[in-house]
Amino acid sequence: AGIDPVYFGVLFIMNNAIGLITPPVGTVLNVVAGVGKMKMDEVTRGVLPFMTAQFAVMFLLVLFPSLVLVPARWFAH
């Protein structure tokens, strides 16, 4: 598809991490709410700042692929 495999891998992992904490299906949120005997609303409110940061980083990585590719080239030698 013409996508750098390293770039694709970073975006794939980042997207999966976001999916694990995004309601309503967020598997990690369900586990934390169950183990902590908390309401899903409380857990979601607690995770919101981290979720926002992950969305911002994902947005930046999509807009500026060089954020991933330039450091990856430094370590390729």
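Condition first: in a helix (DSSP H, G or I) and open to solvent by 90 Å² or more (accessible area, probe 1.4 Å). Now tell me which residues in region 1-22 satisfy that. Talk me through it step by step, then tell me what you get.
The first filter runs over region 1-22 and keeps only residues in a helix (DSSP H, G or I), leaving 5-21.
Selection gives Pro5, Phe8, Phe12, Ile13.
So is Arg73 at pLDDT 90 or above, open to solvent by 80 Å² or more (accessible area, probe 1.4 Å), on the phi < 0 side of the Ramachandran plot and not β-branched (Val, Ile, Thr) or not?
Numbers: at pLDDT 90 or above: no; open to solvent by 80 Å² or more (accessible area, probe 1.4 Å): yes; on the phi < 0 side of the Ramachandran plot: yes; not β-branched (Val, Ile, Thr): yes.
Criteria not met by Arg73.
For region 2-28, give me each residue that is free of Cβ contacts under 8 Å to residues at least 24 places away in the same chain and under 15 Å from Phe59 (Cα atoms).
If the condition is that a residue be free of Cβ contacts under 8 Å to residues at least 24 places away in the same chain and under 15 Å from Phe59 (Cα atoms), then Phe8, Phe12, Ile13, Asn16, Gly19 are the ones that fit.
Can you tell me which residue in region 40-52 is least open to solvent (accessible area, probe 1.4 Å), limited to those that are touching a helix residue (DSSP H, G or I) at 6+ places or on another chain (Cβ under 6 Å) and more than 30 Å from Ala72 (Cα to Cα)?
Val43
For every residue, the table says whether it meets (1) over 15 Å from the mean Cα position of the chain (by Cα); (2) open to solvent by less than 40 Å² (accessible area, probe 1.4 Å); (3) at pLDDT below 90.
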position	(1), (2), (3)
Val25	no, no, yes
Val28	no, no, yes
Met38	yes, no, no
Gln54	no, no, no
Leu60	no, no, no
Pro65	yes, no, no
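On the given criteria, is Val25 hydrophobic (A, V, I, L, M, F, W, C) and part of a helix (DSSP H, G or I)?
no
The values are calculated or read from the model by the stated rules, or taken from the named source; none is laboratory data. Note that the structure is predicted; figures quoted are calculated from it, not measured. Neighbour counts run over all protein chains shown; Cβ positions are idealised from the backbone, glycine included. To get the accessible areas, we keep the full protein, side chains included, count just its heavy atoms, and leave off ligands, DNA and RNA. Shrake-Rupley method; radii C 1.70, N 1.55, O 1.52, S 1.80 Å.
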